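The values are calculated or read from the model by the stated rules, or taken from the named source; none is laboratory data. Being a predicted model, the structure only gives us computed values, none of them experimental. No Cβ is skipped: glycine too gets one built from the backbone with ideal geometry, and neighbour counts run over all protein chains shown. Heavy atoms of the whole protein, side chains included, go into the accessibility calculation; ligands, DNA and RNA do not. Shrake-Rupley method; radii C 1.70, N 1.55, O 1.52, S 1.80 Å.
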Amino acid sequence: MEGLSLVFGEYELAYYGVSREQMVLSSCVGYASALIFGTLLGMLSDLIGQKKICLTFCILHIFVGIWKRLVSHPCVWLASVCLSLTNSIYLFNFETWMVIEHDKLGHSKDTLSDMFWLMTFFDSASFIGSQMLANWLVGNNVEQHLVSPSTASVLLAVISLIVVSRGWKDSSQTAAFKDYSRSLYLCLIDDKRTWLLGWAQACVQFSIAVFWILWAPTIVADGREVHLGLIFPCLLGARMFGSTAFPWLVGGAFSVRTEDCLMYMFLIAGLLLSIVAYDYQEIGVLVALFCLFHACIGLILPSLARLRTLMEGTLDKSHACIHRYVPNEMRGGMIGLSLVPANAAIMLCLVQGGYYRSIENSTIMAFAALGLLSAACCMHLLKQWGKQLHRK
């Protein structure tokens with residue numbers, strides 16, 4: 001569903017006569033809604049249950065798909081808001097739900113680590129499949145079949161809605177909002193590692209968003225003709241390849257500490273984006289750098305999820321957090337809060353770089369590289385603080 005709504009992107013908007021300024025403004029509205037409402041949805045998922053938020057995810061996709069089918073010139077802002085909210089739900093809700101269900105079934109932590117990298121692997125595979133499905137549905141007649149992917153998205157959303165509503169019991173929390181907010185506040189105050197890991201998560205999401213906004217303009221610079229549709233699956237394939245390295249490096253024969261693995265991957269990804277920021281013009285070099293970057297991302301995403309799980313603990317009677325990063329009952333809210341600086345930074349870059357054109361694309365790419373390098377520093381501090389806690 002997420003892939004089908006993003007396959008054609010700006011081409012679909014341009015087909016409906018949307019100007020460049022309108023595209024930028026609609027993206028800003030979408031990230032603003034994710035900044036405000038997406039964060040609240042993360043907390044809401046902890047209070048009312050991940051199942052209801054998942055159903056909301058499906059309903060939003062159904063609404064956008066039907067809207068595009070019925071209206072010849074759909075409202076760009078409305079679609080941007082709905083899809084931004086679904087993207088926020090996609091980032092925090094499914095991981096939280098999977099961890100909670102995993103603990104209910106009593107599986108081991110090693111099994112959960114395998115699920116993390118499999119999520120990243122099949123995530124990329126499904127995006128490649130959505131591109132193939134969209135291209136097959138549209139065919140050679142774009143004018144008549146451009147809305148066909150929306151129909152497929154609605155169909156998938158309806159199937160998911162039925163399966164989720166019948167297949168799982170509700171996992172809503174029993175804590176009141178006052179107790180939840182107090183516990184969340186105490187966890188954020190008592191454990192400074194929360195801020196470090198949250199900042200690392202924000203830097204990753206910011207760099208990923210910046211990449212997908214700027215990768216095509218960077219490759220087609222100076223009017224070069226490139227088959228972007230062929231490069232897109234290569235990038236996702238590189239992410240799949242990176243995710244397969246996770247069980248070897250973290251839990252396999254190498255057994256690298258998670259913080260060390262993340263620190264090195266952040267350093268490499270930051271250096272790769274810094275090279276791109278210097279505007280290398282050779283297409284082959286750019287594609288190679290992009291693929292290496294996505295291989296790093298494929299390893300970073302499951303490693304961050306594993307680190308969130310490894311740093312769990314228990315709440316005492318006063319609801320204080322004891323050596324714990326993400327309690328299950330607050331996981332969605334904490335991940336949602338970590339996305340706040342990422343969404344704010346993306347919105348700022350869109351306004352200054354896309355609308356006012358006061359900063360260059362290379363400068364925005366350099367900011368993303370600096371963010372990844374700062375995330376590497378956060379992982380180094382987490383490792384040092386973890387050693388201190390272990391000695392105590």
task = Would you mind finding the one in Leu13, Leu44, Leu60 that is farther than 26 Å from Met132 by Cβ and either in a helix (DSSP H, G or I) or open to solvent by 30 Å² or more (accessible area, probe 1.4 Å) (or both)?
result = Leu44
remark   = Across the range 9-27, the tally of residues that are touching a helix residue (DSSP H, G or I) at 6+ places or on another chain (Cβ under 7 Å) and either among the charged types (D, E, K, R) or more than 15 Å from Leu350 (Cα to Cα) (or both) stands at 4
remark   = (1) open to solvent by 40 Å² or more (accessible area, probe 1.4 Å); (2) modelled with pLDDT under 90 all hold for Ser5 apart from (1)
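Please indicate, with yes or no, whether at least one residue in the range 157-167 is of a type outside the set (Val, Ile, Thr), outside any helix (DSSP H, G or I), within 30 Å of Gly9 (Cα to Cα) and open to solvent by less than 60 Å² (accessible area, probe 1.4 Å).
No.
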ask   = Inside the range 220-286, counting only helices (runs of 4 or more DSSP H) that do not spill past its ends, which hold 3 or more residues that are aliphatic (A, V, I, L, M) and in contact with a Ser or Thr (Cβ under 8 Å, 6 or more places away or on another chain)?
value = 258-277
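Suppose we keep only residues that are among the small types (Gly, Ala, Ser) and closer than 21 Å to Leu85 by Cβ within the range 327-353. Which one would you say is surrounded by the fewest Cβ atoms within 10 Å (Cβ to Cβ)?
Ranking the candidates gives Ala344 first.
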inquiry  = Please go through the range 105-117 and give me each residue that is part of a helix (DSSP H, G or I) and without any contact (Cβ under 8 Å) to a residue 40 or more places away in the chain, ordered by number.
reply    = Leu105, Thr111, Met115
task = Could you run through the range 326-382 and say how many residues are polar (S, T, N, Q) and either without any contact (Cβ under 8 Å) to a residue 24 or more places away in the chain or farther than 27 Å from Tyr264 by Cα (or both)?
result = 3
query = Which one is surrounded by the most Cβ atoms within 10 Å (Cβ to Cβ), of the residues in the range 63-99 that are of a type in the set (A, V, I, L, M, F, W, C) and either at pLDDT below 90 or not in a helix (DSSP H, G or I) (or both)?
reply = Ala79
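If you take the residues of the range 175-233 that are charged (D, E, K, R) and either touching a residue at least 24 places away in the same chain (Cβ under 8 Å) or open to solvent by less than 40 Å² (accessible area, probe 1.4 Å) (or both), which of them is nearest to Ser274 (Cα to Cα)?
Asp222
Condition check ((1) modelled with pLDDT under 95; (2) of a type outside the set (Lys, Arg)) across all residues:
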position	(1), (2)
Arg257	yes, no
Tyr280	yes, yes
Gly284	yes, yes
Cys291	no, yes
Met311	yes, yes
query = If we scan the range 243-252, do we find a residue that is open to solvent by less than 20 Å² (accessible area, probe 1.4 Å), modelled with pLDDT of 95 or more and touching a Cys at 6+ places or on another chain (Cβ under 9 Å)?
reply = no
task = Could you check how many residues of the range 278-288 are buried (at least 16 other Cβ atoms within 10 Å of the Cβ) and either free of Cβ contacts under 8 Å to residues at least 24 places away in the same chain or within 18 Å of Ala375 (Cα to Cα) (or both)?
result = 0
key: Whichever residue in the range 257-276 is crowded, with 21+ Cβ neighbours inside 10 Å and of a type in the set (Gly, Ala, Ser) and, among such residues, is nearest to Ala366 (Cα to Cα)   = Gly270
